[in-house]
Amino acid sequence: MPRKPELRGRAARLARLFPAGRARAARTPFVLLVVLLLGGGLIGLLVLNSALSEGSFKLADLQKRTKNLTDEEQALQRDIDAYSSPDALQRRARELGMVPGGDPAFLAPDGTVKGVPGVAAPESAALTGPPAPESLALTPPPGLPATPDRPQDPARSQDGAAPSLTTPQSAPTPTTPGR
């Protein structure tokens, strides 16, 4: 066996800092620690991947729902635009028996009347077409008593709420004031 050479000076002082015998560390705890760290990392990655894929499924569902709601909103906006167009408003007003107003008159702050008021003249029946089916199903609002010219709808419930679908019994006759 070869003998270790003797160290002098600075090398000797450094050699005293290290243990004299060669100690071997136990490998079992180190291997166990490495295996636990790798296993924990893999389990952490699996949990993270699962959470990300669940989030992506929720995101896809929410995007689909947003698209459906946007389509529904656009369809409702088209309906609103169709019902609020001047032609549609005029047609619906004629179906309800309304006529354009006459010449307007204005009141000044001192109480004088400016302009000559005119009476609204009913338009001829030739300009108005047949009544629309939805105008035939008109019933008086809840709380109004039935009169000879406005019978109470028998399909209306006690609380005054009309059912969702009604069949018209007869066409309501429009009344004009002063008759």
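Looking across the range 94-109 at every residue that is farther than 12 Å from residue 120 by Cβ, open to solvent by less than 60 Å² (accessible area, probe 1.4 Å) and of a type outside the set (Asp, Glu), the one that is modelled with the highest pLDDT is identified as 108.
From the residues in the range 84-93 that are polar (S, T, N, Q) and surrounded by 11 or more Cβ atoms within 10 Å (Cβ to Cβ), which one is nearest to the chain's Cα centre (by Cα)? Out of the qualifying residues, it is 85.
The values are calculated or read from the model by the stated rules, or taken from the named source; none is laboratory data. Model, not experiment: these values are computed from the prediction. Backbone-built Cβ (ideal geometry, glycine too); neighbour counts: all protein chains shown. Heads up: the accessible areas ignore ligands, DNA and RNA and are worked out on the full protein's heavy atoms, side chains in. Shrake-Rupley method; radii C 1.70, N 1.55, O 1.52, S 1.80 Å.
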